[in-house]
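The values are calculated or read from the model by the stated rules, or taken from the named source; none is laboratory data. Nothing here was measured: the structure is a model prediction, and the numbers come from that model. Note that each Cβ is placed from the backbone with ideal geometry, even for glycine, and that neighbours are counted across all protein chains shown. Side chains are part of the model used for accessible areas, which takes the heavy atoms of the whole protein and leaves out ligands, DNA and RNA. Shrake-Rupley method; radii C 1.70, N 1.55, O 1.52, S 1.80 Å.
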Amino acid sequence: MSNSNTKPDGAARLGWAGVRRHPLLLVLPALVLLILIMAVPLITIIARSFIDPVPGLGNYSWFFSHKLNLIVLWRTFVISFWVTISCVLVAYPYAFAMSVAGPRLRLILVLCVLVPFWVSGVVRTLAWVIILQDTGVINQFVIWLGFDKLSLIRTQLGVTIGMTQVLLPFMVMPLFAVMRGIDLRLIEAAKSLGSHPVKAFFQVYLPLSLPGVFAGATIVFILALGFYITPLLLGGPSSTMLSTLVQQQVMSLLNWGRGGAMGVILLVATFGFLALASPFMRRKYDISGGSK
Amino acid sequence: MKDFATKAKGAAIDIKGVSKHYGRFKALDDVDLQIQPGEFMSFLGPSGSGKTTTLNLIAGFTDLTRGEIRLDERSIGNTPAHKRNIGVVFQHYALFPHMTVAKNVAYPLQQRRVPKPAREAAVRETLAKVQLQDFAHRYPSELSGGQQQRVALARAMVFDPSVLLMDEPLGALDKKLREFLQLEIKRIHRELGSTFVYVTHDQEEALVLSDRIAVFNKGKIEQVGTGMELYTKPRTLFVGQFIGESSVLRGAHVEDGGAAVFTINGTPVRAARPAAGEGAHVILLRPETVSVHGAASDAPEGANRLTGTVTEALYLGSGVKYEVTIPGGTVISARMANAERLLTIGEEATVAWQPQDSILLADDGSAAQM
């Protein structure tokens with residue numbers, strides 16, 4: 001900086017020379033936009049949860065002193081957990097098939113995941129209403145087989161099925177990205193070293209694909225926590241999720257403070273979950289390591 | 001201290017009438033090959049010639065279309081890969097990226113339920129053999145290509161397999177490292193006593209390493225023999241051209257009492273050996289059997305002679321290398337130990353060689369593609 005050519009005036013610092021010296025200036029516009037549309041509303045929510053209608057912790061003590069709220073919070077986590085598990089179970093073999101398929105079959109498989117994704121979530125959920133309802137396709141088939149009709153709609157099971165379908169792409173895509181990078185010769189290597197193919201899968205392929213599982217599971221779980229439409233349409237009173245409570249407080253009772261408090265509680269819980277999950281997402285090795 | 005298995009002894013591999021078809025493409029077409037116990041056998045050939053297919057069939061990665069493979073008299077066609085007890089070193093090493101070097105090498109022992117103390121001792125001993133004992137706790141991505149290759153070798157031999165298969169294991173390394181590791185592999189072969197099968201498209205590598213070489217071409221084995229046999233007595237033009245340097249002469253030819261006489265540019269050229277097989281023939285010349293002379297009178301007595309123009313003249317220190325183009329465009333390479341004077345490019349010269357150095361082969365047209 002002691003160079004005599006350096007002009008210390010403000011104009012030069014913000015000009016191209018300044019950008020070259022401080023390349024981070026380039027992200028400034030995006031940063032400003034992000035603060036306006038993300039940080040400001042978030043801070044407003046947090047602030048109002050403490051001051052609306054009167055300053056203090058009233059909204060939080062209301063939340064934790066009403067058993068129903070705690071039941072719904074717990075249920076939100078339980079449903080999100082099962083949705084995540086079902087997404088993993090469905091997406092894993094699917095993503096594997098995508099990663100080993102030829103280019104044409106792969107395209108078809110990708111489209112099968114993405115086309116429903118492009119259809120509005122409301123439309124897809126309404127489709128599930130038709131499929132799952134008491135007189136729907138599944139129950140007609142079950143009754144035709146001679147069994148009692150199943151309670152699918154307005155249950156947690158129905159909510160889980162619907163949410164799994166809606167969230168599946170978020171699981172398939174990160175899994176596929178990781179699986180595509182796994183060298184299948186590793187399985188052959190494991191076999192040649194005396195490992196049964198099933199063991200080879202669990203000892204070699206599964207550990208290498210876990211980063212994809214964790215990435216997808218985190219996205220699905222966090223998205224599931226805030227789901228509104230699907231649980232509303234497919235669920236009943238016994239499967240209300242937190243977002244429905246927020247909606248009631250804010251839209252029906254105009255209780256902005258309580259709604260804000262619930263939002264903050266969900267946010268803190270999500271951060272807690274991320275903190276728990278992060279040790280599993282770190283890797284000591286480079287996936288392409290032995291097979292450059 | 002490997003008390004879990006007796007010292008490995010190489011197994012005999014008997015390949016009988018083996019074919020592998022992919023749809024209508026014959027990757028391997030009715031191949032027979034006997035590999036002796038403890039032998040170092042190389043599969044040499046251009047890409048797509050069937051050498052890797054044969055290796056995969058022995059390893060059990062692909063199924064036979066027809067034929068039989070026996071390991072020490074035991075047919076292994078229905079034995080799955082993980083029960084064959086054959087070590088494989090892959091072209092790109094295929095090390096497990098999520099395991100350390102030590103865990104990679106311990107993997108085959110773990111599959112065999114070798115108790116921990118014996119396992120650790122064997123891993124240490126094997127890593128010492130490939131001079132990687134200080135790298136046991138590194139991950140593969142933290143090693144250089146040559147080091148990864150040696151880990152792959154250690155992993156493939158730690159369980160004392162009777163057969164070790166290697167699929168172009170040095171293909172991704174630079175020349176100097178490759179030459180060093182060739183000697184390492186040869187030393188390890190002597191120490192282990194296992195049967196080694198080595199796939200390569202590099203004829204020099206095959207010559208350096210192997211007891212015998214099987215030359216593959218278009219899904220068939222053209223010839224099996226020691227490096228010397230393949231070099232001095234190739235049975236086909238393809239083999240003659242694939243192994244070492246060579247020049248090919250074509251011309252009208254007649255049989256003359258147990259010898260063949262060619263007419264090239266109006267000059268008679270003799271081959272002492274009788275022609276092998278039917279049809280058109282060619283003469284294959286090795287550069288070290290050919291001499292180049294500035295004056296026709298300097299050529300040795302009784303030698304075949306052709307005149308042409310010097311188109312390349314290289315001084316190599318230990319000798320000289322010439323390329324002489326004869327009328328008609330055929331190029332003859334020559335390598336001579338010494339010369340009083342280096343001929344210059346453009347000079348008229350006489351190439352000469354003894355009739356017994358003319359290697360007479362059936363013309364399979366492979367010269368055109370080389």
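Okay, here's what the table says:
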| quantity | calculated |
| --- | --- |
| Solvent-accessible surface (1.4 angstrom probe) belonging to B:Leu170, in square angstrom, nearest 10 | 0 |
| Protein heavy-atom accessible area occluded, B/A pair - total, 1.4 Å probe, Å² | 2400 |
| For segment B:152-249, the spread of Cα positions along each principal axis, largest first, Å | 50, 28, 23 |
| Degrees separating the helix B:175-192 axis from the principal Cα axis of chain B, which is the longest one | 60 |
| Candidates A:Thr270, A:Thr240, A:Thr84, ranked by Gaussian network fluctuation over chain A, Cα under 10 Å, top entry | A:Thr270 |
| Area of A:Ile37 that stays accessible when all protein chains are in place (1.4 Å probe, Å², to 10) | 110 |
| DSSP H segments from chain A that extend 15 Å or more along their own axis, Cα-based, with Kyte-Doolittle mean of 1.0 or above | A:40-51, A:67-100, A:103-118, A:121-132, A:156-180, A:206-225, A:256-281 |
| Charge dipole (chain A, unit charges on Cβ, about Cα centre) - positive-most of A:Pro116, A:Ala95, A:Gly235 | A:Ala95 |
| Accessible area in square angstrom per residue, chain B, 1.4 angstrom probe | 44 |
| Sites B:Glu191 and B:Thr289 - FRET efficiency at Förster radius 35 Å, r taken between beta-carbons, to 0.05 | 0.40 |
| Förster radius 45 Å - calculated FRET efficiency between A:Leu254 and A:Ile138, Cβ distance, rounded to 0.05 | 0.65 |
| For the protein assembly as shown, alpha-carbon Rg relative to the globular expectation (2.2 N^0.38 Å, N residues) | 1.42 |
| Exposure ranking of B:Tyr315, A:Tyr94 by accessible area [1.4 Å probe, largest first] | B:Tyr315, A:Tyr94 |
| A:Cys112, A:Cys87, reordered so the largest accessible area comes first (probe 1.4 Å) | A:Cys112, A:Cys87 |
| The protein assembly as shown, accessible surface, carbon-and-sulfur percent (1.4 angstrom probe) | 63 |
| Average other protein chain Cβ within 10 Å of Cβ, residues A:202-212 | 2 |
| FRET efficiency estimate (nearest 0.05) - Cβ-Cβ, B:Ala118 to A:Ser238, R0 51 angstrom | 0.30 |
| Highest-first arrangement of B:42-49, A:115-122, where packing means the average Cβ count within 10 Å | B:42-49, A:115-122 |
| Two-decimal Rg to Rh for chain B - Kirkwood Rh, Cα set | 1.07 |
| Relative contact order (%) - segment B:246-362, alpha-carbon pairs under 8 angstrom, separation at least six | 34 |
| Nonlocal Lys pairs with alpha-carbon distance under 27 Å, segment B:78-203 (8 or more apart, or different chains) | 13 |
| Sequence-separation-based contact order of chain B, relative, with Cα cut under 8 Å and 6+ spacing, percent | 16 |
| Probe 1.4 Å - accessible area at A:Phe214, Å² to nearest ten | 60 |
| Integer Hz, Karplus 6.51/-1.76/1.60 couplings in order for segment B:317-333, x for Gly and Pro | x, 6, x, 10, 10, 10, 10, 10, 9, 8, x, x, x, 5, 9, 10, 8 |
| Residue with peak Gaussian network fluctuation, chain B [Cα springs, cutoff 10 Å], from B:Gln131, B:Gln91, B:Gln111 | B:Gln111 |
| Over segment B:181-229, volume per residue of the alpha carbon convex hull, in Å³ | 80 |
| Counted charge near B:Ala27, where neighbours are those whose Cβ lies closer than 14 Å (Asp, Glu -1; Lys, Arg +1) | +4 |
| Helix-derived mean residue ellipticity, 222 nm - over the protein assembly as shown, DSSP H n ≥ 4, -39500 (n - 2.57), to 500 | -13500 deg cm²/dmol |
| Peptide ranges B:241-251, B:73-83, B:157-167 listed from the most packed, as the mean C-beta count within 10 angstrom indicates | B:157-167, B:241-251, B:73-83 |
| Tail weight of P(r) past 36 Å, computed on alpha-carbon pairs of chain A, percent | 38 |
| Chain A: relative contact order as a whole-number percent, Cα under 8 Å and 6+ apart | 26 |
| Assigned charges on the beta-carbon of Lys, Arg, Asp, Glu; segment B:103-228 dipole about Cα centre (debye) | 480 |
| Net length gained if the chain between A:Ile46 and A:Leu111 were fully extended (0.36 nm per residue, minus Cα distance) | 19.4 nm |
| Other protein chain Cβ atoms within 10 Å, averaged over every residue that makes up B:88-95 | 6 |
| Averaged over B:154-166, number of beta-carbon atoms from partner chains that fall within 10 Å | 1 |
